[in-house]
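Heads up, the thing below is written out as C-alpha cells.
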C-alpha cells in the first residue's frame, strides 16, 4: 500500500514540475489543446547535456494548484525552521531532523521543478551549507518531503 501512495505522489509531483515549467511566470488557464501538448513527450536537450524524452501524466489546473498549495505550506514550514538551522550550523550542533525539515522544500523544488539529479543537489547543498550532504541523505529528504506533500494532499 505504501508503494502505491509513494508512486502516486511522485507522479503528481513530476506532473506538477512539468506544469510549473510549462506555465512559467504567465498566468491564466490552459486550453484543452495545451493539455494535449503538455502530455506529449518532452525533449530536454536545452537544459541537459544529453537529450532524453520524458512523458508526464496530465495534471489538471485544479490538481496542480492543490500541489502548489501543499508546496507553499511546506515552504512556510521550512522558512520558519531556517533560523534555527543557521544557529545550529553556527554552533556546529548536529540535528538531522531539523536539517531534513529545513531542506525538504528546496530539495523537492530542485528535483521536480528543475529536474536536477540527487548527486547534483547534494553537491550544491554541501557548497551552500558548508556541511557534507550525501546523495543518500538527499534521497531521505526527498522521501520525507514527498510524505509531507502526500499528507497535505490527503487532508
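Can you tell me how much longer the chain between residue 114 and residue 131 gets when fully stretched, taken as 0.36 nm per residue apart minus their C-alpha distance, in nm with one decimal?
3.8 nm
Take peptides 115-122, 140-147 and line them up by average Cβ neighbours within 10 Å, highest first, as a rough protection proxy. Show your work: numbers first, answer last.
Details: 115-122: 16.6, 140-147: 20.1.
Descending mean neighbour count gives 140-147, 115-122.
So how do 114, 105 line up by other beta-carbon neighbours within 10 Å, fewest first?
114, 105
Using the 10 angstrom Cβ neighbour count as an exposure proxy, how do 110, 152, 76 rank, fewest first?
Ordered from fewest to most neighbouring Cβ atoms within 10 Å, 110, 152, 76 come out as 76, 152, 110.
What FRET efficiency would be calculated for the residue pair residue 96, residue 143, taking the C-beta separation as r and a Förster radius of 22 Å, to the nearest 0.05?
The formula returns an efficiency of 0.95 here.
Residue separation times 0.36 nm, minus the C-alpha to C-alpha distance between residue 63 and residue 75: what's the value?
2.5 nm
No lab work stands behind these numbers, since they all come straight from the coordinates. Please read these numbers as outputs of a predicted model, since none were measured by experiment. Heads up, the Cβs are rebuilt from the backbone with ideal geometry, glycines too, and the neighbour counts pull from every protein chain shown.
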